[in-house]
Structures are given as C-alpha cells and as structure tokens.
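Take a look at the structure below.
The values are calculated or read from the model by the stated rules, or taken from the named source; none is laboratory data. Since this is a predicted model, take the numbers as computed values, not measurements. Note: ideal-geometry Cβ built from the backbone for every residue, glycine included; neighbour counts use all protein chains shown.
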Protein chains: 2
Amino acid sequence: MAVPGADRLAEAESDPQIAKDDAKPLIADLRSKLLKAQYARLAKADCSLLIVVAGLDGAGKGATVNLINEWMDARHIDTMAFGRPTDHERKFPFLWRYWRELPAKGRSAIVFGSWYAPLFQELARKNPCRSEVERLTSEIRDFEAMLTGDGVQILKLWYHLSREAQQARCERLSADPDTAWMVQPEDHEVARNFKRLRKAAGTMLELTESGHAPWHIIPSADDRLRGIRTGEAILTALRTAPRPPAAADAPALPDKRTEAGARRLARVDYSIRLSENEYDDQLAHWRSRLAQQVRSKAFQKLPVVLVFEGHDAAGKGSTIRRITHTLDARQYRAVPISAPTEDERARPYLWRFWRELPPPGRITIFDRSWYGRVLVERVEKLARPAQWRRAYDEINQFERQLSNSGILVLKFWLAITKDVQLERFHDRERSAFKSFKITPEDWRNREKWPAYTAAANDMFDLTHTSYAPWHVISSNDKRHARVAVIERIVTAIDRRLTR
Amino acid sequence: MAVPGADRLAEAESDPQIAKDDAKPLIADLRSKLLKAQYARLAKADCSLLIVVAGLDGAGKGATVNLINEWMDARHIDTMAFGRPTDHERKFPFLWRYWRELPAKGRSAIVFGSWYAPLFQELARKNPCRSEVERLTSEIRDFEAMLTGDGVQILKLWYHLSREAQQARCERLSADPDTAWMVQPEDHEVARNFKRLRKAAGTMLELTESGHAPWHIIPSADDRLRGIRTGEAILTALRTAPRPPAAADAPALPDKRTEAGARRLARVDYSIRLSENEYDDQLAHWRSRLAQQVRSKAFQKLPVVLVFEGHDAAGKGSTIRRITHTLDARQYRAVPISAPTEDERARPYLWRFWRELPPPGRITIFDRSWYGRVLVERVEKLARPAQWRRAYDEINQFERQLSNSGILVLKFWLAITKDVQLERFHDRERSAFKSFKITPEDWRNREKWPAYTAAANDMFDLTHTSYAPWHVISSNDKRHARVAVIERIVTAIDRRLTR
C-alpha cells in the first residue's frame, strides 16, 4: 500500500554519508556564508526566520540545534524549546505559547518541540482521531499562512533516517558513559514503532506542505551530512526573500458584502432612549447580575474577551468603566489599543493581542482592538490593501481559535450618528475635564466619517460570525448603550455557564 | 500602651465628612487639575508613578480605584491588581510579579494587592514572626529605594476609618441587593479584629515610612472626602518631582576596595594550561556529570542563574556553548545582553533581568549581565556616577533576593591578559567565520583596557558575596577555562542538591 508523502522519506532512509575530507571544506565554506547571510538579514531587519526542527527521536535534532548555534552567531538566534504544555499553557489556545515567543524582525529562532508535536503524536497513534487531525492541520496551516504573510519566514526541517541507522546511533551513544545521557528513553522506542512513525511522518508532511512554509527532509544517519544539509537549507532560506502565501499578494475583498441600502449601520435605530429612572434601575439590575456571575464558581473556568469599537465619542470609555466598576480589579485587564511600539512593530500584527488573552476566570477588555487594521489602518492607508484585505480572514481565524479553546468573544460597536458626535465634541471642548478627550486628530477623523462608516460596514459583513458575533448597539443615548452592553454580556455569559 | 505609628491613624478614625455642596466645586477643580498634571507627566515621560492602594478591608479601596480611573484618563493608567500568588508566581522571588509589571515612564499605575499584603498579613497575626517581618520589611525598603532612585515615583495610600464607620458601611451596602456584591466576606471580619488590624497598620506604616516613598492616610468613612483626599494626594505627587532616596544623590564608592597591588585580576595565574588529551577527558567527564545532574529529579526544584562577564574575546560564547550542548534545549535560556530596547529604557535598570529569571529546574545563562552598569556603562560614561556607584548595593540586594528565594547564582569572570586578547583579535580578523566577532568597537574598548580592569576589580571587591560569589577563571587557555567553569557549576549544584 502506498503511504502518502512517504516516498519523500526514501532518500533519507538510504542513509547517505559524506567522507570527512569531503565535508571539511564544505563546512568551512558554509559557515562563513551562513554568518554573512545572517548579518545581512540582521542589517535589513525586514523579516524574521523560524527554523522548525522536527523529526524522529534519536535522529540528532538536539545535536543539530547546538551545531546551528555554533556555526552562526548565537547571540542573534533565539532557541525556543517547548516541552509538554504546562498547566498554565493549557489554559490558552494551542498556538498561544508559540505566538508569544515570536522573534523580532531580523532575528532567527530555532523552534524545538514546535506546533507539529501534537499533530505528529496524534497521527502516530494506532487509531488517529480524524477530526483532531483536521483541526490541528487547519490551525497550523492558517498560522503559517498568517505568519509568512506578515514578515516571518518559516523553514521546516524533518530529520529522518532508516530504522537500522537510528538504532545503531542510539546504541553507539549509549555504550559510552560520557555520551549515554544524550539518549532519551523515547529514542529506544523508535525502532519498535518505526513503520507507524514513518507513516505518520509521511502523512504529516503531506498535510502541511506549502509553498510558503516548505518541509525539507534532512538525512540524519551521518552527523556531518546532517549538519551540512541543515546549514544549506538555512543558507538558502536566509538568502531568499520570504515567500508569502499566494493569496496574500492581492486578495480581493470577499464577496459577502451587503448592498448599500441594507448596510449594517444604516439599520440601527438611533432613537432608543432611557429615562434617568429607567437607567438607574436597569443599570443597577444588570450590574448586580454581572457582579454575581463573575463571582460564581462556574465563572472561574470561563475566559472572556470583550472588544469595543465605534466612532470617536461613541462612549466606549464610559461604557467600559460601567463594566469594570462591577468587577474585582484582579479579574480584568483593560487594554487600550493605540499605535504599536517598537517591539510590536517588529512582530506580526496579531502578536500584541495574543499576549493579552485572558486565562479562565478573567476578562480582557480591548478599548479598540485588532479591528484597527480594517478600520483606521485601512482608512488612513497605514496598511497596504493586501494587508487589510487579508486581515478579515486572519481575524476570523484568530477569533475561531479563541472560541475553539473556550474563550467567550463578544464584540461591541457603539453606533452614533454624525450630529451626535458633533454635539459631544463641542461638549468636550467646553468641559474642563473632558477637553483632553478632543484633539485635532478627532476633527480630522470626523471629516472621513463616510470612509470609516463604509469600513465598519464591510467589517460587519465579513467578520460577524457565530463564534464571535458583533453587537451593534445604538449609542446616541449613552444610558441605553451602557445598559444594553451589560445586558448582552450577562446574557452571553449566562448561556455559556448553563449550557 | 502606646501603639507605634498608630497615632497617625487617629485623624482618619475621627471619620471626617464633607458636605455635598462643599465637595462639588472641589471635585470639579481637582479633576481638571489631575488631567492636566497627568498629561504633563505623559509629555515629559521622565518617570512613572505607582499609586499603592492599601488599607482596611471594607474601606472603599475598590471604589477608589474606579474613581481614579474615572477622574483621570484611564487609557494611560495601568491597574495592577494582585491576588494571592498563583502556583506559578510562587516559584519566583516575592517581588518578581511586581517587577514584571512596572509601567513605562510617563504612565501611572494603581497597585492593588501590593507588596504590602504579605507584610500586613504577617503583622496582623496573633503572633507575628519577627524574622519574617524583618525580611519583608527590608526587601520592601530596598525595592522602593531602588525604584525611586531609578525613575519610579511611589505614592502609598492607606485607607482607614473607625470600627463603627467600617461596620456601618458594610451593613449599608449589604442591605441593598444591587450593591450587596460590593461587600466581601473579609470585610465583615474587620470589626471583630479591629484592634489587632489597627496595631498592625500602625506598625507597618512606621516600618516602611520613608521620605522617597511616603504613606498618606486617607480617611475613608465619607465617600466624597475619600475621593477628594485621594485625588489631592495624587495631584501633589504628579506635580512634584520624584524624590530619590537621599543616598542616591551622590553615594561614595564603598570603602571595601583592596589596594592596587592585591587587586583580584592581578592575582590570577594566567599560565594554567590543559593538553588536548587532558581537555578531552576532563571535559567529557564534567559534561557527563552535569548532564546527569540536570536530568535528576532533585534538580527539577532548583533554579540556576549563570552570569558570564570578561574582557572581549575572553571566550564567553564558546564556554557557554559547551554548557548548553550538555543541556536539553527546554531547560535553559541563553540571554545575550546588549544595549537596552525602547521598552527597557523606559523602566528601571534591573527590569529586563527580573523578566528572565528561571523557574525551578531551569537555567538562565546571561552572556553579559546587570554588571554592565558598573563595567561598560561606568567606563563609557553611559551611566551617571550616582547611578553606577549606587548599583553595587542594588546588585547585591537583587542577588540576595534571588538567593533567598532559592535561586543558585554563579558568576564567572573569564580572565585573559592583554596580549592574549590581541592574539585572538588577530585570529578573528584572519578567520572567515570569526571575523564577524571583531568590530571597530572591540578595538576602541581595547584602548580602555586599564579602565575596564579597574572597574572589574572594584566590582569583585564590592559584589563578591557568600550568596552570589564571583568565580574568576584564568582563560588564557580556553581549554582550562571551559573545564574549570563546568567543574565549578557541577560542584555548586552538587552542594545544593545534597545539602
């Protein structure tokens, strides 16, 4: 029976060798070229390089990590090594720990124990669970597409050798007391399960091969050749411009947009109002419900992400405060999003948001969010069309991953009309302690009202999903908006806690 | 019996009030002044402000945090709220979690559940443990002195009221179903233990009062007055230049320095050499010992910090690689220290090192370190004399805290002579894959050899401690240096694991 993708492993299983004398000049040449290429990358600092080191146990992956650090300038290479997820890491989406550690542009990182570990483990089981394989595969593919579209180059190395060579290597190292520690218990298991592992490797390579994040098979029976092939693969990668996914070049705006007359913000009932008495009663009622909910035992298992967007002066800040006043300060984190810092600019766009995800029992409130890419960055031309067009899909993938991992994601758009914005701007200018909230930039943004509104309508069409719905809240009356937002939050939490 | 410091609490216990009509104009004035002062701070961005919110339970601390966020621009205030330490946090020194979250210069942060929580808890016990109180007090005092000397202003607020007012406040809130959630179970305990809590508060205020990080008592029985007094204290702080500790202005170089002839680097035996055979045998032996140690069960409880310093070309990088090659990549983190980034420059000097501390079972290897302050920053005049002179004490405090929390700290100076450095520089220039290691800066540094040597000798005199000793290793022969370093590490770990 043909094993899919496994024919790619055949060369490595022929255990090719290289003679010491042949290797020596090759290695000397490779080392100086690698350093030169590494420094050119650093100087340019336009993208980072992730070197995924994966493969059979006992194929010499660890020794190769050491070699790369020796051949290149180790001060500019991060070694990102992951074991089984810790209890803390398990509280977050599967890719969270990889996102957090992404290196800055210009740098290289070796990833050891990468995002392929769970997929390979699943495939190597006697009866792999098909839906788990599909879920992992699709999250990995999305992840790699997003990174390569956003300044991260990915080189994936699979270390492979024949059953006999693997066994011989383990025995040779084990025999010498000075090297016995290099052999792990799991290395001895490989020979016994070789057929299954080989098949799993073949399937995994096939499922996750792509033009922008290709796999390279490194024959590993011979230490010198393993090093040379590794060095050559890295050198080629360092010298090539990273290849973003084909779709990333010029994605069209997806075709799901509604027609002009039926657009989301045109359908808001801006006349809803609450009297002061209604407001006091209802706000106290919903705040008290929320307060009880978040202090319940069941809530301690639920992570919540709240996103607030809206035109300037829509009331985001004051609405957020009505929520946080109800929470214990240890339970939430309010994250105001403005222009990215130096560190943030050196990483893929979503990096800074991944870092703020809440663990179970906590709430992260984003005052503006990753939607900046398809709102302000689109309107102000801070992002290229390819970037913001691609962002709708990327955002949907991101939110689906949050949702899959159990995070409750609620997105609020506080909707006001242009005349109410004007009133509020004037109010702010007149008030001694609100005038800080109004700047020339706000007036400039106001001139672009139609462009912001169109961008928002596209956003609703393209990112309103079952797992992360938009709540468009009429906010010409702040009282109504505050009560409505807290009511939606309480209802959504309730649904999750009682399901 | 007089309770020390408790007389300061008397005014607050008289439960002063303010009438609504008197409060209104005061508050309006305060809010606009607070905003103005906040924006002036942000624009200047020369220091951050930590507002420590502490006090009796049920005094309205939570409501005050909300108020500050309402009165000031919440987007530029971080709310740092800490509960009981998590299992993960317990693995690090007590102050670790506070260090990590320090705000950038220009920003303000409210600290809720601050570093005073454990001290207050201890003091409020029936029989406080005297040595624990002393340890916490001295770590807190050192911490605050270090921060205030380094661009962080600290304002400490103690919320206080009479037993009767505290009880009345809890009862009032509990009676209304819409506000009952604001009352915590522990709030009801306060009245019963009032005398003990009051005494603990008085003692704590006295033990931790200082000119650079003063306590303010906020009378808390009246909501409006509590808010006004809080706002006034913050306003005064924002308007005043932060006051560094008196000693920070112009500390003399401590008097512990040895005489010229007996200085540490003059006493190194630079002639020690190992033959190639000796080297191979000994290196294999010690690496194998190290490999076994770090894979032992006992080691999984030990965090290790290794520091490497030395003149350029002393062999730091290659020695570090001999260590890391012996470790599992998941066990260590090699941290090369160079010029600080934008984020790092906006925080106190030691911030970036605190962030890299290892949990138990892990090793952090610093390739250059916090000693940069008293070496390169001193010699190149990147730090002011007051900064680097103060740094010896700060570094000793830092390392003592690491050691107290169970971290094994080993510091290595690889010692070479000037002629050997010259040889190695020439070697590097001639080698295709070492030439990247030699830059014009290295030649410039070489001209300052005597200044670097003098700085290093001062450093040994002033920071060689029982809890974090310096190991000065003769490194004219790299073979000797590598073996000696690994031997010292193995011996030190052994001593810790078997004690």
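General remarks:
- Within the stretch B:431-475, considering residues that are over 19 Å from B:Lys418 (Cβ atoms) and among the aliphatic types (A, V, I, L, M), the one farthest from the chain's Cα centre (by Cα): B:Ala432
- If the condition is being assigned to a helix (DSSP H, G or I) and either more than 8 Å from every other protein chain (Cβ to nearest Cβ) or over 30 Å from B:Glu447 (Cα atoms) (or both), then the stretch B:321-337 contributes B:Arg322, B:Ile323, B:Thr324.
- Checked against the criterion of being crowded, with 22+ Cβ neighbours inside 10 Å, within 14 Å of chain B (Cβ to nearest Cβ), more than 20 Å from B:Trp71 (Cα to Cα) and among the aromatic types (Phe, Trp, Tyr), the stretch A:350-362 has no qualifying residue.
- In the set (1) farther than 25 Å from A:Lys434 by Cα; (2) at the interface with chain A (Cβ under 9 Å from one of its Cβ atoms); (3) over 30 Å from the mean Cα position of the chain (by Cα), B:Trp71 fails one condition alone, (1).
- Meets criteria (in contact (Cβ under 8 Å) with a residue 40 or more places away in the chain, more than 14 Å from chain A (Cβ to nearest Cβ) and touching a Phe, Trp or Tyr at 6+ places or on another chain (Cβ under 7 Å)) for B:Phe412: yes
- Top-ranked residue in the stretch A:168-187 [being at pLDDT below 90 and within 35 Å of the chain's Cα centre (by Cα); ranked as farthest from the other protein chains (Cβ to nearest Cβ)]: A:Glu186
- Residue within the stretch A:340-347 that is within 11 Å of another protein chain (Cβ to nearest Cβ), in contact (Cβ under 8 Å) with a residue 24 or more places away in the chain and out of contact with any helix residue (DSSP H, G or I) (no Cβ under 9 Å at 6 or more places or on another chain) present: yes
- Test for B:Arg41: is it more than 25 Å from A:Phe366 (Cα to Cα), more than 8 Å from chain A (Cβ to nearest Cβ), charged (D, E, K, R) and in a helix (DSSP H, G or I): no
- Within the stretch A:363-385, residues that are assigned to a loop (DSSP other than H, G, I, E, B) reach partners that are basic (Lys, Arg) with beta carbons closer than 7 Å, at six or more positions or on different chains, in the pairs A:Ala383/A:Arg373.
- The one condition in (1) farther than 16 Å from B:Lys61 by Cβ; (2) aliphatic (A, V, I, L, M); (3) within 14 Å of chain A (Cβ to nearest Cβ) that B:Ala109 fails to fulfil: (1)
- Which numbered condition A:Arg287 misses (of (1) at the interface with chain B (Cβ under 9 Å from one of its Cβ atoms); (2) in a loop (DSSP other than H, G, I, E, B); (3) among the charged types (D, E, K, R)): (2)
- Some residue of the stretch B:114-126 being in contact with a strand residue (DSSP E or B) (Cβ under 6 Å, 6 or more places away or on another chain), away from chain A (no Cβ under 14 Å) and within 15 Å of B:Pro348 (Cβ to Cβ): no
- Filtered residue count, the stretch A:44-62, keeping only those that are more than 8 Å from chain B (Cβ to nearest Cβ), closer than 27 Å to A:Trp181 by Cβ and either in contact with an Asp or Glu (Cβ under 7 Å, 6 or more places away or on another chain) or not charged (D, E, K, R) (or both): 10
- Flag if A:Thr364 is at pLDDT 95 or above and in contact with a strand residue (DSSP E or B) (Cβ under 9 Å, 6 or more places away or on another chain): yes
- Of everything in the stretch A:290-320 that is free of Cβ contacts under 8 Å to residues at least 40 places away in the same chain and either touching a helix residue (DSSP H, G or I) at 6+ places or on another chain (Cβ under 8 Å) or surrounded by 19 or more Cβ atoms within 10 Å (Cβ to Cβ) (or both), the residue that is nearest to the other protein chains (Cβ to nearest Cβ) is A:Ala291.
- Taking first residues from the stretch B:193-220 that are touching a residue at least 40 places away in the same chain (Cβ under 8 Å) and within 13 Å of B:Asp57 (Cα to Cα) and partners that are of a type in the set (A, V, I, L, M) and not in a helix (DSSP H, G or I), the Cβ contacts under 6 Å between residues at least 6 apart in sequence or on separate chains come to B:Leu197/B:Ala124; B:Ser220/B:Ala59; B:Ser220/B:Leu161.
To keep it simple, each residue is scored yes or no on (1) within 19 Å of B:Ser108 (Cβ to Cβ); (2) modelled with pLDDT of 95 or more.
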{"position": "B:Val3", "(1), (2)": "no, no"}
{"position": "B:Asp7", "(1), (2)": "no, no"}
{"position": "B:Glu13", "(1), (2)": "no, yes"}
{"position": "B:Gln17", "(1), (2)": "no, yes"}
{"position": "B:Leu26", "(1), (2)": "no, yes"}
{"position": "B:Arg31", "(1), (2)": "yes, no"}
{"position": "B:Leu35", "(1), (2)": "yes, no"}
{"position": "B:Ala40", "(1), (2)": "yes, no"}
{"position": "B:Cys47", "(1), (2)": "yes, no"}
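- Test for B:Val420: is it within 30 Å of B:Arg479 (Cβ to Cβ) and either in the same structural domain as B:Glu89 (by TED's automatic domain parsing) or assigned to a helix (DSSP H, G or I) (or both): yes
- Some residue of the stretch A:70-80 being hydroxyl-bearing (Ser, Thr, Tyr) and farther than 30 Å from B:Asp87 by Cα: no
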